[in-house]
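The next block holds one structure in the form of C-alpha cells; read it before the comments.
Just so you know, all these numbers are worked out from the coordinates, no wet-lab data involved. Predicted model, so just to flag it, every value in this text is computed and none were measured. All Cβ positions, even for glycine, are placed from backbone atoms using ideal geometry, and neighbour counts span all protein chains on display.
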Amino acid sequence: METAERVDVEQLKERFATFLQEQRYRNTAERMRILECVVEMPKHFSADELYVYMRTHGEKVSRATIYSTLELLRRCGLVVGHRFEGGSTKYELAVRLPNHDHLLCTDCGRIVEFCAPQLQELVEQISQQYALRAVRHSLQIFAQCPEFGRCPYQRELAAQ
Ligand SMILES: [Zn+2]
Ligand SMILES: [Zn+2]
C-alpha cells in the first residue's frame, strides 16, 4: 500500500509523549528511540526482529524494554499487534493500517496485505444488521503457495 511511505515521526513522538505524560510513565530517550526504529522497520515485524535491528544499529536496549515499550505503543494506539498463526505477534504502525487485511502463506510465512472495499461493505452491513456500528475489523486468510518449492519468497529466505 503506497500510503505506507509517508509517516510523520515527529507527530507520532508527540502523541506518544502526551500518552506517557497522561498515564504517568516516564518519557525516556530510549522509548522515543524505539518508536523511531519501529518506523524504520519493515511493515510487519516481531519484537525480536526489532531487538535484533536495534542491536545491529548499536543501540544498547534490552529485550524487556522493547517488549514493554511495544505494549505502551499498543495501548497508545500507535501500533497494532497481529497474532498471526504459528508465529510470534507481528506489529505494525497503526497509521499504515487503514482498511487492509492480511493473507498469510502457512508454508513460507509470507504476509500479503490486501484492500477489499467489498469486505468493508460487508462489515458495515453485518454490523448494521445487529444494530451496531463497525469501528474496525481484522481478517486473516490462511493460504498456501501453489507449489512450495517454487515459492519465490521461500527462495528468497533460503538465499539469506
Ligand atoms: Zn509460500
Ligand atoms: Zn499489515
Would you mind working out the magnitude of the charge dipole of the chain relative to its Cα centre, with +1 at each Lys and Arg C-beta and -1 at each Asp and Glu C-beta, to the nearest 20 Debye? 540
Give the relative contact order (percent, whole number) for the chain; include only Cα pairs under 8 Å separated by 6+ residues. 17
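Would the range 2-94 count as rounded, prolate or oblate if I go by the C-alpha gyration tensor, calling it rounded below 1.5 in a/c and otherwise prolate when a/b exceeds b/c, oblate otherwise?
On the way: a/c = 1.36, a/b = 1.19, b/c = 1.14.
Verdict is rounded for the range 2-94.
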Considering every Cα-Cα pair within the chain, what fraction, in whole percent, is farther apart than 28 Å? 31
Karplus couplings for the range 65-74 from phi (6.51 cos²θ - 1.76 cosθ + 1.60, θ = phi - 60°), rounded to Hz, Gly and Pro as x? 5, 5, 4, 5, 6, 4, 5, 5, 5, 5
Per-residue HN-Hα couplings for the range 130-147, Karplus 6.51 cos²θ - 1.76 cosθ + 1.60 at θ = phi - 60°, whole Hz, x for Gly and Pro? 9, 6, 10, 10, 5, 9, 7, 8, 9, 10, 10, 9, 9, 9, 9, 5, x, 10
What's the longest bit of the chain with no exposed GluC sites (Glu not before Pro), using DSSP loop states and at most 10 other Cβ atoms within 10 Å as the test? 1-84
Whole-angstrom gap from the range 101-120 to the range 5-26, using each part's C-alpha centre: 29
